[in-house]
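Right, one structure below, let's go through it.
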Amino acid sequence: MENMVTREDLRVYSDVQGTCEALAEALVALANACCARQGRFTVALSGGKTPEALFRILAEKYHDALPWQKIHLFWGDDRFVPHDDPSSNYRMARLILLDHVSIPTGNIHPMPIFFRDINEAAADYEATLKSYFEQPWPRFDLILLGLGADGHTASLFPHSEVLRRRDRWVAAVLADTKPPLRLTLTLPVINNAAHVWFLITGASKAPALLRALTEGTDPETCPARAVRPTNGELLWWLDAPAASLLRQVPDPEGA
Ligand code: 6PG
């Protein structure tokens, strides 16, 4: 029986700021609990534009509330472009968050872009992950995800052969989307995380979110539907416009 999404998995807030404030507060609590329990917190950041408001809140409001010395930042996906390229997810996180907090440089693990061959870059990042996590699959404490209007998440696009990769932790995305090329964590990695949190805002995402939450949606057409942690928490942090097509949505301001 596929995991049912219950009202408790949906965290709906009136607007982007409210959603990101609530997620930031929960992330800080989770990070501190992980660091107290196991001495570190490993998180894979999402990209695109949605997380900008979240990163700004973490930088401005929580820069002293997080044990940055024990936090290791990775990426769920990134574009295969120089780290100063405007489309780089790493660049966005650096400008909005990393340059404003006291995280050690050695705790920041961007996807490598200095290889001529993107498959070598994927293998290199996988080797980096294998130096931080046990095998056969890494267990991130938290993986943040966004949702594309086409139902993609990370850089797992509809009908992509990468969706079916079960042999790699990191894959090169060559043909499924317009340039640039991308690197992405694979589904088994995402589904092995202890906590997977989607942050989805805006009415443009409402149809894709409805499909992602609907039993029977084919993950080939909506990869976000394939995100079902095997032994972990899945939460959907939403603003009201993104949740506008969901029946029986919890009242805004949280479940
Ligand atoms: C990326 C992201 C991608 C993103 C969605 C939503 O590199 O583009 O990882 O999965 O989360 O495309 O993007 P927006 O937040 O810009 O709508």
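The values are calculated or read from the model by the stated rules, or taken from the named source; none is laboratory data. The shown structure was predicted, so the numbers you read here are calculated from the model rather than taken from an experiment. Cβ coordinates were reconstructed from backbone atoms using ideal geometry, including for glycine residues, and neighbour counts include every protein chain displayed.
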Worksheet entry | Enumerated strands (runs of 3 or more DSSP E) restricted to segment 159-213, each holding at least 1 residues that are over 27 Å from VAL28 (Cα atoms) and within 16 Å of the chain's Cα centre (by Cα) | 170-173, 182-185
Worksheet item: If you go through segment 180-192 one residue at a time, how many are away from the ligand (no atom under 13 Å from the Cβ) and closer than 22 Å to THR50 by Cβ?
Response: 4
Fill in: Yes/no for ALA123 being within 26 Å of ARG11 (Cβ to Cβ) and more than 16 Å from the ligand (Cβ to nearest atom)
no
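Results for (1) free of Cβ contacts under 8 Å to residues at least 40 places away in the same chain; (2) touching a helix residue (DSSP H, G or I) at 6+ places or on another chain (Cβ under 8 Å); (3) not small (Gly, Ala, Ser), shown as yes or no for each residue.
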position: ASP9; (1), (2), (3): no, no, yes
position: CYS34; (1), (2), (3): no, no, yes
position: ALA44; (1), (2), (3): no, no, no
position: ILE96; (1), (2), (3): no, yes, yes
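Report yes if ASP176 is free of Cβ contacts under 8 Å to residues at least 40 places away in the same chain, within 30 Å of SER244 (Cβ to Cβ) and within 13 Å of the ligand (Cβ to nearest atom), otherwise no.
Against the criterion (free of Cβ contacts under 8 Å to residues at least 40 places away in the same chain, within 30 Å of SER244 (Cβ to Cβ) and within 13 Å of the ligand (Cβ to nearest atom)), ASP176 qualifies.
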Worksheet entry | Answer from VAL12, VAL81, VAL5 - the residue that is β-branched (Val, Ile, Thr), closer than 30 Å to GLU215 by Cβ and modelled with pLDDT of 95 or more | VAL12
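Identify, please: which residue in segment 113-149 is of a type in the set (Phe, Trp, Tyr) and under 20 Å from the mean Cα position of the chain (by Cα) and is, among those, surrounded by the most Cβ atoms within 10 Å (Cβ to Cβ)?
If we take residues in segment 113-149 being of a type in the set (Phe, Trp, Tyr) and under 20 Å from the mean Cα position of the chain (by Cα), then PHE140 is surrounded by the most Cβ atoms within 10 Å (Cβ to Cβ).
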Fill in: Candidate set from segment 126-149 (those that are within 16 Å of the ligand (Cβ to nearest atom) and of a type outside the set (A, V, I, L, M)); member that is nearest to THR201 (Cα to Cα)
GLY146
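Any residue at all in segment 150-167 that's more than 22 Å from ASN119 (Cα to Cα), within 14 Å of the ligand (Cβ to nearest atom) and crowded, with 20+ Cβ neighbours inside 10 Å?
Yes, segment 150-167 contains at least one residue that is more than 22 Å from ASN119 (Cα to Cα), within 14 Å of the ligand (Cβ to nearest atom) and crowded, with 20+ Cβ neighbours inside 10 Å.
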